[in-house]
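Quick notes on the structure that follows.
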Amino acid sequence: MANADETVKIIEVGPRDGLQNYPAVLSTPDKVRLIDDLVASGITAIEATSFVRADRVPQLADGVEVCAGIQRVPGVRYIALAPNVRGLEAARSAGVDEVAVFAAASDEFNRSNVGRNTSEALAMFADVAREAIALGMSVRGYVSTVLGCPFSGHVPISDVVAVVEAMDAMGCDEISLGDTIGVGRPHQVAPLIEATAAVVGTDRIAVHFHDTYGMGLANSMAAVEAGVRSVDTSIGGLGGCPFAGRGAKGNLATEDLVYALQGSVHDTGVDLDRLVDINIWLAGVMGRPLPSRSAAALASKRDG
Ligand code: MG
């Protein structure tokens, strides 16, 4: 039996990070069903939507309707991305109680993404965080490009640490370290965790790895070995990053992490069979198979 300190908590990012990076738009009822079904499978933290400009991210233009449609289960964290104060206020009106802000550990990436260097981007997000906290909301911080930047290449750990310090200072509770383009290798993970946990403690660190080079699971397991107990994953492995390259694989699949940890002291408590049900349904809605290998293997055992 896993004890609470060892259990790995999944932060499901499919409904936001996954769908945002997929060209087709899911209907609002399908998004609501996706979120409710994921929570019913045992997910206790889920990134539900984003409050960004609809012309920038048309896939998530229905954040208000999605938040109104889902069944709120007590104790579950429903998180929404809010890049600015206007987004935060929209999230608040939609009844969201946790928002996520993001900043890259690389000036070049921040300039490309939000038209500001890292310190300017952090100042903008500090305003969002300050207002969120004043409204009684929690704030999750995403640090992107922690193991590499598509523009500047190598990202020094000290640059990641500086962003973690800034996010801690602005009041972020959980800080998720993202290998946005998925170039990291397992041996790079422990030093990253050690340096950032020295600032905020491993219990406030999450990791967010991508499968561009097939390292999403290996890197996540390395983080778990290093003491991290919160891991971002996406149903089916949906997601990715426009900068990771054409045809790049997406986030680590929720099914793959749940499978990897099943029966260990780190067991996530999420029902893998129900995830496979969701995967099969979602693949039908999207009209294509989703990348998760565990789900594909388990689904094929159901046939015949
Ligand atoms: Mg991602």
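The values are calculated or read from the model by the stated rules, or taken from the named source; none is laboratory data. Predicted, not measured: the structure shown is a model, and the values here were computed from it. When we count neighbours, we look across all protein chains shown, and the Cβ atoms used for this are built from the backbone with ideal geometry, even at glycine. Only protein heavy atoms, including side chains, enter the accessible area calculation; ligands, DNA and RNA are left aside. Shrake-Rupley method; radii C 1.70, N 1.55, O 1.52, S 1.80 Å.
Can Val285 be described as more than 12 Å from the ligand (Cβ to nearest atom), assigned to a helix (DSSP H, G or I) and either among the basic types (Lys, Arg) or under 16 Å from the mean Cα position of the chain (by Cα) (or both)? Answer is no for this residue. The requirement of being closer than 18 Å to Ile11 by Cβ, at pLDDT 95 or above and out of contact with any helix residue (DSSP H, G or I) (no Cβ under 7 Å at 6 or more places or on another chain) is fulfilled somewhere in segment 251-262, by at least one residue.
Of the residues in segment 36-43, at least one is modelled with pLDDT of 95 or more and on the phi > 0 side of the Ramachandran plot. Here Val164 fits the description: under 17 Å from Thr118 (Cα atoms) and either over 14 Å from the mean Cα position of the chain (by Cα) or in a helix (DSSP H, G or I) (or both).
Close Cβ contacts (under 8 Å, 6 or more residues apart or on different chains) running from residues in segment 1-29 that are among the aromatic types (Phe, Trp, Tyr) to residues that are at pLDDT 80 or above comprise Tyr22/Gln59; Tyr22/Leu238; Tyr22/Gly239; Tyr22/Met286. Restricting Asp159, Asp179, Asp203, Asp173 to residues that are of a type in the set (D, E, K, R), within 16 Å of the ligand (Cβ to nearest atom) and out of contact with any helix residue (DSSP H, G or I) (no Cβ under 6 Å at 6 or more places or on another chain) narrows the list to Asp179. Looking across segment 108-136, the residues that are touching a residue at least 12 places away in the same chain (Cβ under 8 Å) and within 13 Å of Arg92 (Cα to Cα) come down to Val128, Ala129, Glu131, Ala132, Ile133, Leu135, Gly136. Assess whether Val146 counts as being within 17 Å of Gly239 (Cβ to Cβ), open to solvent by 20 Å² or more (accessible area, probe 1.4 Å) and aliphatic (A, V, I, L, M). Against the criterion (within 17 Å of Gly239 (Cβ to Cβ), open to solvent by 20 Å² or more (accessible area, probe 1.4 Å) and aliphatic (A, V, I, L, M)), Val146 does not qualify. Taking segment 23-41 as the range and being within 24 Å of Asp277 (Cβ to Cβ) and either open to solvent by 30 Å² or more (accessible area, probe 1.4 Å) or basic (Lys, Arg) (or both) as the test, the residues that pass are Ala24, Val25, Ser27, Thr28, Pro29, Asp30, Lys31, Arg33, Asp36, Asp37, Ala40. Only one entry of Asp267, Asp173 meets the criterion of being of a type in the set (Asp, Glu) and touching a strand residue (DSSP E or B) at 6+ places or on another chain (Cβ under 6 Å), and that entry is Asp173. Once segment 11-22 is narrowed to residues that are open to solvent by less than 20 Å² (accessible area, probe 1.4 Å) and in contact with a helix residue (DSSP H, G or I) (Cβ under 6 Å, 6 or more places away or on another chain), the residue that is nearest to the ligand (Cβ to nearest atom) is Gly14.
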